[in-house]
Amino acid sequence: MQAQFTHTTPTGTITISGTDYLFFSGFSYLGLHSHPAFKELLKEGIDRYGTVFISSRIANTRLQLYEELEQRLAALLRQQTAASFPSGYLASQAAVQYAATQGILLYAPNTHPALWTGNPAIPSETWADWAVKTTDKVNAHPDNTFVIVADGVNALTSTINDFSWLTAIRRQVIVVIDDAHGIGIVSDDGSGIISRLPQHPAVRYLLAASMAKAYSIQGGIVAGHTADITAVKKTALFTGATPMMPANAWAFLQSFSLHAAQRNILRQRIAYFEQLTAGRDELHNPFHLPIFVLKGGNGVEQYLLKHGIMISSFGYPDPDSPPVNRIIISAQHTVKDLEELSASLINT
């Protein structure tokens, strides 16, 4: 789809050249970026802390708020400790660049570019075949030879990746996982992919995630064992970066009950849209994520646009890639929005 430009941030709707459309693209899965209560918390955060903390994380003057944020996020992700970053991309880069000093990187199929170092060879085989091959390779070498690198959720295919095969690993290994599209929405408490990961003595996890996709704040997190996070905090990506906007950290810490309420609404919306579109083979969402992939249907994005609905349709991971058509549901969508979308899909 040709790029469409707007002068406002989309909510459940978007205005393009004076015309309003229902908006089923982007992310903000919990709908917090437009939620009045959350915006008030952000305003309060700015009143308390200003717009930026004017010192680096390793300076002699430090903001206690970041320590509180990292403690809460480590607990949420069930890890020993955590490090916060100004963006999810930077967090993932910090995790994988540190991990590259600990072993040879073994990339999973479709790994997000945020976890790339240099120009890695990303496997083209199926996830299952790659998992078997990776298990054999790790087990055939001494401890700590390899680092496994993967996404928790593939947002392009609406898939929660299966890591159960890690129980067959017999050598000590670090597993780096980008959980940008899992944290906040996968599991009852929003802990993300960790709720599905096997706890296995040979495996040490290093989890990275964007805070923007579900929680609507600009920032990122890396969580894991204390030794790993201590080392991550010594890297230039941590020491040289301006910290996350403190108002974002404060608003996040004040809004756990709001997260839970919005997560419940999101699940209701997903279930209702699944009910409305039951039997529609062109919609793919096997894990009940807020991401419905439209299989085939060439030109469906233009048809929907003509009927007042904008979906996600662009080439990824680079502009020359084939376009992927997806419907993104968020907690800010109403029942009426979903019914209108479903009715339009019937006529495509």
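Here, each number is a calculation from the coordinates, and none is a lab measurement. Quick caveat: nothing in here was measured; it's all calculated off a predicted structure. Neighbour counts are summed over all protein chains in view; Cβ atoms, including those assigned to glycine, are modelled from backbone coordinates with ideal geometry.
One entry in (1) 30; (2) 15; (3) 5 is percent of Cα pairs over 39 Å apart calculated from the shown coordinates; its label is (2). With both residues required to sit in region 53-244, DSSP beta bridges show an antiparallel share near 45%.
Taking Lys and Arg as +1 and Asp and Glu as -1, the other residues whose beta-carbon sits under 14 Å from that of residue 137 total -1. DSSP assigns beta bridges within the chain; of those with both partners inside it, close to 60 percent run antiparallel. Of 326, 48, 171, the residue with the greatest mean-square motion in the GNM of the chain, using alpha carbon springs below 10 Å, is 48. Among the chymotrypsin sites (Phe, Trp or Tyr not before Pro) in region 1-89, those placed in a DSSP loop whose Cβ has at most 10 other Cβ atoms within 10 Å are 5. Only one residue of 138, 58, 127 has its Cα farthest out toward the positive end of the dipole of region 53-244, where Lys and Arg carry +1 and Asp and Glu -1 on Cβ, and that residue is 58. In this Cβ point-charge picture (+1 for Lys and Arg, -1 for Asp and Glu), the chain has a dipole of about 600 debye about its Cα centre. Over the chain, Cα pairs under 8 Å with separation of 6+ residues give a relative contact order of 25 percent. What lysines does residue 213 reach when the alpha-carbon gap must be under 25 Å and sequence neighbours fewer than 8 apart in one chain are set aside? Excluding near neighbours in sequence, the set is 39, 43, 233, 295, 336. Annotation for region 104-141 versus region 1-28: alpha-carbon center distance of 36 Å.
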